[in-house]
Amino acid sequence: MTEPRDREPLNAWHRLADTAVLLDGFHALKHALRFGAEVLVAVTTDRTAALALADELAPDVRGTLDVLLTEVPETAYRALVPRPHPTGVAALAVRPSRAGNLRTLARTPRTAPVIVLDQPRNLGNAGAVIRLAAGFGATGVVTTGTLDPWHPTVVRGGAGLHFATAVERMAVADLPPGPVFALDPEGEDIRAVKLPDDAVLAFGSERSGLSAELRGRTDHLVSLPMNPQVSSYNLATSVAMALFHWSAS
Ligand SMILES: C[S@@+](CC[C@H](N)C(=O)[O-])C[C@H]1O[C@@H](n2cnc3c(N)ncnc32)[C@H](O)[C@@H]1O
């Protein structure tokens, strides 16, 4: 027996939710589509409002959204997502293959650095870094340690931009090729250093900084200008400054 039409996206959602990437809100869906994500199902509590938002903010993907978005009752939407988003939009996308991402990360020569977060702890920081990497066109974001860079909270923080850059977890021993510039307050002032396009820019964990293993792989230790009374910057703001320095030099 065929299901009534309005049940179809909900059935598809339940079938796919365990393996797909949740795009939470209009902006995450918009970003993911712009960077070529394969969106499997997309729902909204108000199609007219979502398409009006597309007209205003994302005319480039308006046509795709028109095809993808199915309106579902508010109660059904609330049952699909852990935290309802103010835009009432949610979607599921295919996670890019690890093999493909590893190929991207290993490819040389590179036109933009790879960011390494060495044993990060904070999921929000990791998401913010992925957003920065997308903004600056970095080749990828690699994490070492236990944090999953595709954790739903990281994806939420990354605003759908995991699809704009190669995001993977790796061991320090397997890091992509290229000179490793590790960021640490004890390093040489970054303003005197030109960061090459093939740089691997490494940042330490929020709690304990760079690990001994990462330090062992480091070619250059560089610091961000900072008042001596301040111990350190936040991880994501450090990545922002380093990427800005790379882009400006
Ligand atoms: C919150 S900090 C880590 C603080 C940690 N308590 C420590 O002992 O280093 C996180 C990371 O941001 C980067 N960072 C923060 N401030 C920096 C600075 N002034 N110069 C270079 N890197 C910095 C480093 O990579 C650092 O490991």
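Observations on the structure shown:
- Scanning the stretch 221-234 for residues that are out of contact with any Gly (no Cβ under 6 Å at 6 or more places or on another chain) and more than 8 Å from the ligand (Cβ to nearest atom) yields Asn227, Pro228, Gln229.
- Thr45 being surrounded by 14 or more Cβ atoms within 10 Å (Cβ to Cβ) and closer than 19 Å to Val155 by Cβ: no
- Only one of Gly124, Gly137 that is surrounded by fewer than 17 Cβ atoms within 10 Å (Cβ to Cβ) and more than 21 Å from Arg98 (Cα to Cα): Gly124
- Test: residue in the stretch 158-167 that is in contact (Cβ under 8 Å) with a residue 12 or more places away in the chain and farther than 20 Å from Ala32 by Cβ: no
- Condition check for Pro73: more than 25 Å from the chain's Cα centre (by Cα) and surrounded by fewer than 16 Cβ atoms within 10 Å (Cβ to Cβ): yes
- Tallying residues that are within 16 Å of the chain's Cα centre (by Cα) and in contact (Cβ under 8 Å) with a residue 24 or more places away in the chain within the stretch 225-237 yields 2.
Let's see how each residue does on (1) among the β-branched types (Val, Ile, Thr); (2) assigned to a helix (DSSP H, G or I); (3) within 20 Å of Leu10 (Cβ to Cβ); (4) in contact (Cβ under 8 Å) with a residue 12 or more places away in the chain:
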| residue | (1), (2), (3), (4) |
| --- | --- |
| Ala28 | no, yes, yes, yes |
| Ala37 | no, no, no, yes |
| Val41 | yes, no, yes, yes |
| Ala50 | no, yes, yes, yes |
| Glu56 | no, yes, no, no |
| Leu65 | no, yes, yes, yes |
| Thr70 | yes, no, yes, yes |
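- Residue tally, condition over 13 Å from Leu243 (Cβ atoms) and part of a loop (DSSP other than H, G, I, E, B), over the stretch 124-177: 15
- Residues that are modelled with pLDDT under 95 and under 19 Å from the mean Cα position of the chain (by Cα), drawn from the stretch 84-107: His85
- One residue from Arg110, Arg121 being more than 18 Å from Asn234 (Cβ to Cβ), assigned to a loop (DSSP other than H, G, I, E, B), of a type outside the set (Ser, Thr, Tyr) and more than 14 Å from the chain's Cα centre (by Cα): Arg110
- Of the candidates Glu38, Glu56, the single residue that is acidic (Asp, Glu), touching a strand residue (DSSP E or B) at 6+ places or on another chain (Cβ under 9 Å) and not assigned by TED's automatic domain parsing to the domain that holds Ala134 is Glu38.
- Only one entry in Ala212, Ala240, Ala182, Ala199 is over 15 Å from the mean Cα position of the chain (by Cα), aliphatic (A, V, I, L, M) and either outside the structural domain of Leu123 (by TED's automatic domain parsing) or surrounded by fewer than 20 Cβ atoms within 10 Å (Cβ to Cβ) (or both), namely Ala212.
- Single match in Thr218, Thr237 (criterion: within 12 Å of the ligand (Cβ to nearest atom) and either within 12 Å of Val116 (Cα to Cα) or of a type in the set (Phe, Trp, Tyr) (or both)): Thr218
The values are calculated or read from the model by the stated rules, or taken from the named source; none is laboratory data. Quick caveat: nothing in here was measured; it's all calculated off a predicted structure. Backbone-built Cβ (ideal geometry, glycine too); neighbour counts: all protein chains shown.
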